[in-house]
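The values are calculated or read from the model by the stated rules, or taken from the named source; none is laboratory data. A quick note: this is a predicted structure, and the numbers were derived from the prediction, not measured. All Cβ positions, even for glycine, are placed from backbone atoms using ideal geometry, and neighbour counts span all protein chains on display.
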Amino acid sequence: MSTIAGNRISTRFKERLNAGKKLLIPYITAGDPKPENTVPLMHEMVNAGADIIELGVPFSDPMAEGPVIQKAMERALEYGTSLRDVLEMVAEFRKMDDETPVIVMGYLNPIEVMGYSEFADMAAKAGVDGVLTVDIPPEEADDYIKTFKNKGLASIFLVAPTTNLERIKKICKAGSGFIYYVSVKGVTGAGHLNTSEVSDKVEEIKSFTSLPVGVGFGIKDADSASRVAKVADAVVVGSAIVKRIEENSSDSGKINTSVCELIRELRAGVDS
C-alpha cells in the first residue's frame, strides 16, 4: 500500500511552521565514535531541541564531505558500521521515540548493493522517514523515488548555489519531505555563509515548490543559525556538531554534554 512519503517529516514541518517556529536539523555520523554512542546521543539531541535528526551512513568515499565528517566516517568504519547497522540504530531509537523524524543521509553504493526494494522495506520497518542520497541525480532516480514512495519514505534532494533554474524545477518535482539547499560552494564544513545570497536562492526554490526548504553547510553557531532561520524553513548543522564529537571522542558523557550544549545554543539562535 502506498503511503504519504515522509509522513513524520511533513507533520513536523507543519506543526513547527504553523506555530511560527523554524526547524533545527542536526547531523551526526552513525557509529561515530563508537556504534553504542549513537542512539543515546540521538535521544539527547531531541531533548536539547532537535526537530529532525539526520543520520549519516558511513561510507569509504564520502566525496561531498569535508575533513571533519570524513574523519567521523573513518572512525565509524573502524567498527564496521554498515547500512544495516544504521537501520538497526533507527529501530532501537524508535523503541523510545516514535515522533521525531529521522533522515538517513549517505551515498548510493550501499543502497544499490542492498537493492532499492530491500533497503526501502528495511528502512520503513526500522522507522526511517526520509532518505538523502548525495550522488543520485533526479534524472536517474525514477525507480529509486517510486520504490521509496511506496514504503512512505521521502526522497530528499540537494540544490547547490550553482544549480540552474531548469534543474531546480526538476529537483522540486522529484523531491519530497523538503528541499535541502547547500548554502556554500564546496564540501561540508567549508566556505563563508552569505545570508542575502541564501535568501535569494531560497525564494527561487520556493517559486517552484510548496515543499519546505532547509539550508545546510556553513552554519556553525547561534549567530549563523539565526541568520539562516530568518530566510529558510529549517537549519541543518553537521560539521560543527561532529567536531564536538571528535574533540570528546574518548568520553561518551562529554560527547553528549558538549553536543547538547551546542544544540541548545543553535536552538536559541533559530528561535531568536
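At-a-glance table
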item	result
Residue that is surrounded by the most Cβ atoms within 10 Å (Cβ to Cβ) [pool: residues in segment 12-35 that are farther than 22 Å from residue 182 by Cβ and in contact (Cβ under 8 Å) with a residue 40 or more places away in the chain]	31
Unique residue being of a type outside the set (Asp, Glu), surrounded by 24 or more Cβ atoms within 10 Å (Cβ to Cβ) and touching a residue at least 12 places away in the same chain (Cβ under 8 Å) when the list is 213, 235, 184	235
Selection from segment 37-55 of residues that are touching a residue at least 60 places away in the same chain (Cβ under 8 Å) and not aliphatic (A, V, I, L, M)	37, 40, 44, 47, 49, 51, 54
Contacts under 6 angstrom Cβ, first residue in segment 90-116 being without any contact (Cβ under 8 Å) to a residue 40 or more places away in the chain, partner not aliphatic (A, V, I, L, M) and not in a helix (DSSP H, G or I), 6 or more apart	90/127; 94/127; 108/133; 108/135
Pairs with Cβ under 9 Å, 6+ apart, first in segment 159-172 and closer than 16 Å to residue 132 by Cα, second in a loop (DSSP other than H, G, I, E, B) and of a type in the set (D, E, K, R)	160/185
Selection within segment 238-272 - of a type in the set (S, T, N, Q), free of Cβ contacts under 8 Å to residues at least 40 places away in the same chain and either surrounded by 24 or more Cβ atoms within 10 Å (Cβ to Cβ) or outside any loop (DSSP other than H, G, I, E, B) (or both)	257, 258
Checklist (1) farther than 22 Å from residue 219 by Cβ; (2) in contact (Cβ under 8 Å) with a residue 24 or more places away in the chain; (3) assigned to a loop (DSSP other than H, G, I, E, B); (4) of a type in the set (S, T, N, Q) applied to residue 60, failing item	(2)
Qualifying residue in segment 215-223 (condition: aliphatic (A, V, I, L, M) and modelled with pLDDT under 95)	yes
Filter pass, residue 222 being within 18 Å of the chain's Cα centre (by Cα), surrounded by 17 or more Cβ atoms within 10 Å (Cβ to Cβ), over 16 Å from residue 168 (Cβ atoms) and among the small types (Gly, Ala, Ser)	no
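Here's the yes/no breakdown for (1) assigned to a helix (DSSP H, G or I); (2) closer than 23 Å to residue 268 by Cα; (3) among the hydroxyl-bearing types (Ser, Thr, Tyr); (4) touching a Gly at 6+ places or on another chain (Cβ under 7 Å):
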site	(1), (2), (3), (4)
13	yes, yes, no, no
26	no, yes, no, no
51	no, yes, no, no
77	yes, no, no, no
80	no, no, no, no
89	yes, no, no, no
92	yes, no, no, no
98	no, no, no, no
104	no, no, no, no
